[in-house]
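Notes follow once the structure below has been shown.
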Amino acid sequence: MTVDRLLNACSPYRFFWGTCCFLLIINLAGYTLIIKNQQKDILNFQNLYSAKRKESVSLSKKNDSAVRYHQIKESLTIFRDRLPAMENIADQVKQIKDIVNKHGLSAEKLIFKPDREDVYNLWKYSASFSVDGHYSKLKTFLADIQNLRSIFCIDGLSMSRSNGTKHVKMRLSLSTYCK
């Protein structure tokens with residue numbers, strides 16, 4: 001009796017329930033045909049990717065040291081090509097003196113001493129000197145050295161303040177390389 005009552009209650013909505021059942025069947029069929037197959041393909045692609053990745057990592061480890069050697073060699077060649085000729089050391093010393101004068105700093109005599117670097121067949125010119133002035137001017141002095149087109153390496157740097165004054169004494173060791 002209850003089944004007959006349920007059928008009688010749903011009979012005016014037959015079209016609605018038929019459409020819902022049809023859409024449900026289409027949805028289930030689409031899921032099983034499309035999604036399930038794609039999940040299998042995705043799993044296959046993931047396994048293939050993992051295998052290729054392991055293969056490329058093992059190849060890169062084998063070639064890593066050779067590639068790194070060639071990159072370092074190329075970098076050193078570029079570095080060496082950008083170095084100025086030994087005849088231009090006077091111009092580089094003049095650049096430093098001009099920066100000292102530009103900031104109104106007092107510096108002792110600036111003399112670069114040559115030293116032959118046998119490893120790379122380069123000349124290393126080194127100088128140690130003191131510069132006196134306000135801290136802010138010393139800071140801009142160092143920034144200007146850093147912004148020069150020539151390569152200067154700061155080998156040593158120490159600062160000390162005189163008692164009761166605003167002047168700072170900076171001891172600076174610079175070096176530059178030439179071909």
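Entry remark, the range 131-155: residues being out of contact with any Ser or Thr (no Cβ under 9 Å at 6 or more places or on another chain) and farther than 19 Å from Asp81 by Cβ number 14 in total. The number of residues in the range 113-159 that are of a type in the set (S, T, N, Q), assigned to a strand (DSSP E or B) and either in contact (Cβ under 8 Å) with a residue 40 or more places away in the chain or loosely packed, with under 10 Cβ neighbours inside 10 Å (or both) comes to 3. Considering Gln71, Gln38, Gln46, the condition of being closer than 30 Å to Leu148 by Cβ and of a type outside the set (A, V, I, L, M, F, W, C) is satisfied by Gln71 alone. Do we find that Ser75 is within 30 Å of Tyr120 (Cα to Cα) and of a type in the set (Ser, Thr, Tyr) in this structure? So Ser75 fits the description; yes.
Determine if the range 88-99 includes at least one residue that is of a type in the set (Lys, Arg), in contact with a strand residue (DSSP E or B) (Cβ under 9 Å, 6 or more places away or on another chain) and either surrounded by 10 or more Cβ atoms within 10 Å (Cβ to Cβ) or under 19 Å from Gln146 (Cα atoms) (or both). Looking for residues that are of a type in the set (Lys, Arg), in contact with a strand residue (DSSP E or B) (Cβ under 9 Å, 6 or more places away or on another chain) and either surrounded by 10 or more Cβ atoms within 10 Å (Cβ to Cβ) or under 19 Å from Gln146 (Cα atoms) (or both), one finds at least one in the range 88-99, hence yes. Against the condition out of contact with any strand residue (DSSP E or B) (no Cβ under 8 Å at 6 or more places or on another chain), closer than 19 Å to Asp155 by Cβ and surrounded by 12 or more Cβ atoms within 10 Å (Cβ to Cβ), how does Phe79 come out, does it pass? Answer is yes for this residue.
Read the figures in this text as sums done on the coordinates, not as results from a lab. Remember, predicted model here, so these are calculated numbers, not experimental data. Methodologically, a virtual Cβ is constructed for each residue, glycine included, from the backbone with ideal geometry; neighbour enumeration extends over all protein chains shown.
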